[in-house]
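Novice: Sharing a structure with you now.
The values are calculated or read from the model by the stated rules, or taken from the named source; none is laboratory data. Predicted model only: the values in this text are computed from it and were never measured. Methodologically, a virtual Cβ is constructed for each residue, glycine included, from the backbone with ideal geometry; neighbour enumeration extends over all protein chains shown. Accessible surface is based on the protein model in full, side chains and every heavy atom, while ligands, DNA and RNA are left aside. Shrake-Rupley method; radii C 1.70, N 1.55, O 1.52, S 1.80 Å.
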Amino acid sequence: MKINVITMFPEYFEGPLDVSIVARGIEDGALVVVLHDLREHGLGRHRQLDDSPFGGGPGMVMMIEPMAAALEPLRDTHRVLFTPSGAPMSQETLDRWAQIDDVTFVCGRYEGVDQRVIDNFIDEEASLGDYVLAGGEVAAAAAIEGVARLLPGVVGNPESTEKESFRDCLLEEPVYTRPADFQGWAVPEVLLSGDHGRIEEWRSQRRLERTRQRRPDLLRNGKDSDT
Ligand code: SAM
């Protein structure tokens, strides 16, 4: 899979691309990330990328010319703009993007991007959540990491990405490791029993209980999509 990122701050990605699963995915060739520095398409001596909004108002808006120059050669890719106005990114979104060979993530800054960029160059708008960040880079880094771990061979045991939160509209159950007792805080007895039937039943009950308590919306959505 190839992911292009259009950003004013390519250096932002030095950390996220250089560690752990994403770094391994890149090293193994499962993932290629190409950073496109928007500043290279900036206008004039100062490589200007933004201008004040028509109609007045606070802040600056990202201009269409640099964005068009960066996006035109990427027309064959699936182009995603990160914006608070987009559809909230979910596991389903990442599953879908992981199936696409060539994706472009566009990171906004300032007050956002001239609407004509969205109307003419963007296939999908995605949000990281209901809050406003300073730029789309955090969302792009989150998406790259979420997608990388779904690519074949990147996570050692494929079951790890099949049995986890948001699969089957459930959150994951509590997990424990050694020691079985730490200062009197014991691990649930069933997990030490070696009885796989009982363990699976306990896990399934905890998943359901936790989801009911914390994210009943997931269960409701699951029901809706089944009918
Ligand atoms: N004026 C915009 C609004 O009210 O929706 C917010 C602009 S924000 C300061 C600058 C850029 O950060 C956005 O263009 C977008 O690319 C990115 N951004 C901010 N919050 C985001 C979020 N929740 N999800 C995805 N991208 C976000």
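Novice: Is region 74-92 home to any residue that is touching a Pro at 6+ places or on another chain (Cβ under 9 Å), over 24 Å from A148 (Cβ atoms) and of a type in the set (S, T, N, Q)? Walk me through how you get there before you give the answer.
Specialist: Taking region 74-92 first, the residues touching a Pro at 6+ places or on another chain (Cβ under 9 Å) are none.
There is no residue in region 74-92 that is touching a Pro at 6+ places or on another chain (Cβ under 9 Å), over 24 Å from A148 (Cβ atoms) and of a type in the set (S, T, N, Q).
One line per residue, one yes/no per condition, for (1) closer than 22 Å to D51 by Cβ; (2) buried (at least 17 other Cβ atoms within 10 Å of the Cβ); (3) touching a residue at least 24 places away in the same chain (Cβ under 8 Å):
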position	(1), (2), (3)
D76	no, no, yes
R96	no, no, no
V113	yes, yes, yes
V132	yes, no, yes
A139	no, yes, yes
E145	no, yes, yes
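Novice: Can Q213 be described as part of a helix (DSSP H, G or I), open to solvent by 80 Å² or more (accessible area, probe 1.4 Å), without any contact (Cβ under 8 Å) to a residue 60 or more places away in the chain and in contact with an Asp or Glu (Cβ under 9 Å, 6 or more places away or on another chain)?
Specialist: Numbers: part of a helix (DSSP H, G or I): yes; open to solvent by 80 Å² or more (accessible area, probe 1.4 Å): yes; without any contact (Cβ under 8 Å) to a residue 60 or more places away in the chain: yes; in contact with an Asp or Glu (Cβ under 9 Å, 6 or more places away or on another chain): no.
Considered against the rule, which asks whether it is part of a helix (DSSP H, G or I), open to solvent by 80 Å² or more (accessible area, probe 1.4 Å), without any contact (Cβ under 8 Å) to a residue 60 or more places away in the chain and in contact with an Asp or Glu (Cβ under 9 Å, 6 or more places away or on another chain), Q213 comes out as no.
Novice: Which one of the conditions (1) out of contact with any Lys or Arg (no Cβ under 8 Å at 6 or more places or on another chain); (2) within 21 Å of V19 (Cβ to Cβ); (3) touching a residue at least 60 places away in the same chain (Cβ under 8 Å) does R167 fail to meet, given that it meets all the rest?
Specialist: (2)
Novice: Name the one entry in P53, P84, P66 that is assigned to a loop (DSSP other than H, G, I, E, B), without any contact (Cβ under 8 Å) to a residue 60 or more places away in the chain and surrounded by 15 or more Cβ atoms within 10 Å (Cβ to Cβ). It would help to see each step written out before you state the result.
Specialist: Values: P84 fails: assigned to a loop (DSSP other than H, G, I, E, B); P66 fails: assigned to a loop (DSSP other than H, G, I, E, B).
Just one listed residue meets the conditions, P53.
Novice: Also, quick follow-up: Tell me, please, whether a residue that is touching a Leu at 6+ places or on another chain (Cβ under 8 Å) and either within 19 Å of Q91 (Cβ to Cβ) or not in a helix (DSSP H, G or I) (or both) can be found in region 179-194.
Specialist: Of region 179-194, the ones touching a Leu at 6+ places or on another chain (Cβ under 8 Å) are 180.
Going one step further and asking which of them are either within 19 Å of Q91 (Cβ to Cβ) or not in a helix (DSSP H, G or I) (or both), we end up with 180.
The answer is yes; a qualifying residue exists.
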